[in-house]
Amino acid sequence: MKNLTWTNSLLTMAAAFFLAGCSSTPIRVDTGAVHAKSFSFVNGGVPAKAEFADNREQAHALIQQALTDYLTDKGLTKVTTGGEVTVAYLVILGNNVSTESVNTYFGHGRDAWELQDKAHKAYTGNKTPNYFEAGTLLVDILDSKTGKLLQRHYATRPVLRNASDSAREANIREAVFEVMKDLKVAH
């Protein structure tokens, strides 16, 4: 019963997040097939790590590996910099009360704050009295030359606390594959 309630809560959040996409910051974009042979990730730099900060690099490595696996299966080649398309992703973590975005690999000068605000409204607008923690992975595919947003999709999953490395990796891969499932690539 608890799993059914949890699933219903996540579905409600995802629907609310989707419905909130009617304003000027779209949460889903699909301009058709992506015409590219190569991709690279947004250069997030190497921010100084505070002593108290949690280690997110493992999660970033898992996300990037899952994205790389998916895109190479679609025939794209990963390059260090200068790919025909740029893959940017935003992680939004939230619960019944607050949200935070991890935009290290999303880039600057785009709509990360508006997207976090939409997720916050979806997470905190949920009517369930049960505590939950969820994460939303939002992935953008950008034309590297023009910066035009070609694709934007997202998936929401429960945050796994004290999970094994294999369970965490499976959860991330499942989210990435859901996000990318509609991607069409033309060479």
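Just a few scattered comments:
- Matching residues in the stretch 124-177 - criterion: being modelled with pLDDT of 90 or more, exposed (fewer than 14 other Cβ atoms within 10 Å of the Cβ) and assigned to a loop (DSSP other than H, G, I, E, B): K145, T146, G147, K148, S164
- Residues satisfying the stated conditions in the stretch 64-90, i.e. of a type in the set (G, A, S) and within 10 Å of I141 (Cβ to Cβ): A88
- Whichever residue in the stretch 44-91 is among the hydrophobic types (A, V, I, L, M, F, W, C) and surrounded by fewer than 15 Cβ atoms within 10 Å (Cβ to Cβ) and, among such residues, is modelled with the lowest pLDDT: F52
- For the condition part of a helix (DSSP H, G or I), modelled with pLDDT under 90 and surrounded by 13 or more Cβ atoms within 10 Å (Cβ to Cβ), L115 qualifies.
- Check on G83, more than 17 Å from the chain's Cα centre (by Cα) and part of a loop (DSSP other than H, G, I, E, B): yes
The values are calculated or read from the model by the stated rules, or taken from the named source; none is laboratory data. If you're wondering where the values come from, they're calculated on a predicted model, not measured in any experiment. Methodologically, a virtual Cβ is constructed for each residue, glycine included, from the backbone with ideal geometry; neighbour enumeration extends over all protein chains shown.
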